[in-house]
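J.: Next up is a structure, given as structure tokens.
Derivation of every value follows stated rules applied to the coordinates shown; laboratory data play no part. Model, not experiment: these values are computed from the prediction. Here the Cβ is made from the backbone with ideal geometry for all residues, glycine too, and neighbour counts use every protein chain on show.
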Amino acid sequence: MAIKFDGVDAPYSADDPLPWLPFEPHAGLVAVKLYAADPECGEVILLLRAPPGAELPAHRSTGRTTIFTLQGRWKYREHDWVAGPGSVVLEPGDTRHTPQVLADGTDDTILFVVASGDLQLLDADDRVIGVENWRSATDRYLSYCRANDITPCDPTRPLMARPTTSTIDRGFHDKS
């Protein structure tokens with residue numbers, strides 16, 4: 001679905017039809033809900049859900065990441081601060097950290113994440129053992145849909161929508 005702004009599609013998405021995708025093999029009970037993946041700039045927009053006490057793999061981000069905490073509490077093992085509901089973390093590229101969900105709650109932690117570049121998964125010696133990015137997120141989504149008989153949408157389409165003559169001619173308020 002899209003809202004038109006000066007003839008340009010500005011996509012929006014209802015949450016309900018998007019499946020939670022297991023973030024295997026990286027983090028057990030952690031799941032992601034992919035909203036968009038942009039191959040042009042290497043960006044993903046997703047929700048991440050993790051149970052109390054979960055630890056995600058140590059990683060290094062090659063691009064910037066913005067994280068808004070919707071629910072729960074989490075931190076990086078390497079730091080003392082704690083993010084809770086309403087917290088925003090603006091993470092620069094080329095930083096190493098290990099996200100941990102605090103075990104002090106009963107509800108899952110849910111984060112809204114906008115990340116660009118690669119997420120390089122690291123072993124204990126800081127060697128790259130895996131890479132997550134827009135392509136792996138798209139592949140995970142499409143594979144999950146195929147395996148569960150779900151008709152997928154194209155997660156790369158929303159961010160690559162461009163105005164066409166017909167959308168410009170119809171104008172902003174046209175609902176067709």
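J.: More than 30 Å from residue 6 (Cβ to Cβ), in contact with a Gly (Cβ under 9 Å, 6 or more places away or on another chain) and among the acidic types (Asp, Glu), is that true of residue 149?
T.: On the way: more than 30 Å from residue 6 (Cβ to Cβ): yes; in contact with a Gly (Cβ under 9 Å, 6 or more places away or on another chain): no; among the acidic types (Asp, Glu): yes.
The answer is no for residue 149.
J.: OK, next. If you scan segment 116-134, which residues turn out to be touching a Leu at 6+ places or on another chain (Cβ under 8 Å) and either among the hydrophobic types (A, V, I, L, M, F, W, C) or within 16 Å of residue 99 (Cβ to Cβ) (or both)?
T.: Taking segment 116-134 first, the residues touching a Leu at 6+ places or on another chain (Cβ under 8 Å) are 128-133.
If the condition is that a residue be touching a Leu at 6+ places or on another chain (Cβ under 8 Å) and either among the hydrophobic types (A, V, I, L, M, F, W, C) or within 16 Å of residue 99 (Cβ to Cβ) (or both), then 128, 129, 130, 131, 132 are the ones that fit.
J.: Name the residue, out of 62, 69, that is farther than 20 Å from residue 117 by Cβ and among the β-branched types (Val, Ile, Thr).
T.: On the way: 62 fails: farther than 20 Å from residue 117 by Cβ.
On inspection, the qualifying residue turns out to be 69.
J.: A further question on this structure: Can residue 69 be described as within 23 Å of residue 125 (Cβ to Cβ) and in contact with a Phe, Trp or Tyr (Cβ under 9 Å, 6 or more places away or on another chain)?
T.: Numbers: within 23 Å of residue 125 (Cβ to Cβ): no; in contact with a Phe, Trp or Tyr (Cβ under 9 Å, 6 or more places away or on another chain): yes.
Answer is no for this residue.
J.: With (1) in a strand (DSSP E or B); (2) touching a residue at least 40 places away in the same chain (Cβ under 8 Å); (3) surrounded by 16 or more Cβ atoms within 10 Å (Cβ to Cβ) as the list, and residue 89 as the residue in question, which single condition is left unmet?
T.: Condition (2) is where residue 89 drops out.
J.: Filter segment 113-158 down to the residues that are assigned to a helix (DSSP H, G or I) and surrounded by 15 or more Cβ atoms within 10 Å (Cβ to Cβ) and list them by number. Let's see the steps before the verdict.
T.: So the first thing to find is which residues in segment 113-158 are assigned to a helix (DSSP H, G or I), and the list is 134-147, 157-158.
Residues satisfying the conditions are 134, 135, 136, 137, 138, 140, 141, 142, 144, 145, 158.
J.: Then there's this: Mind listing whichever residues of segment 51-75 are free of Cβ contacts under 8 Å to residues at least 60 places away in the same chain and not in a loop (DSSP other than H, G, I, E, B)? So that I can check it myself, show each step before the final result.
T.: Taking segment 51-75 and keeping what is free of Cβ contacts under 8 Å to residues at least 60 places away in the same chain, we get 51-56, 61-75.
55, 61, 65, 66, 67, 68, 69, 70, 71, 74, 75 - these are the residues of segment 51-75 that are free of Cβ contacts under 8 Å to residues at least 60 places away in the same chain and not in a loop (DSSP other than H, G, I, E, B).
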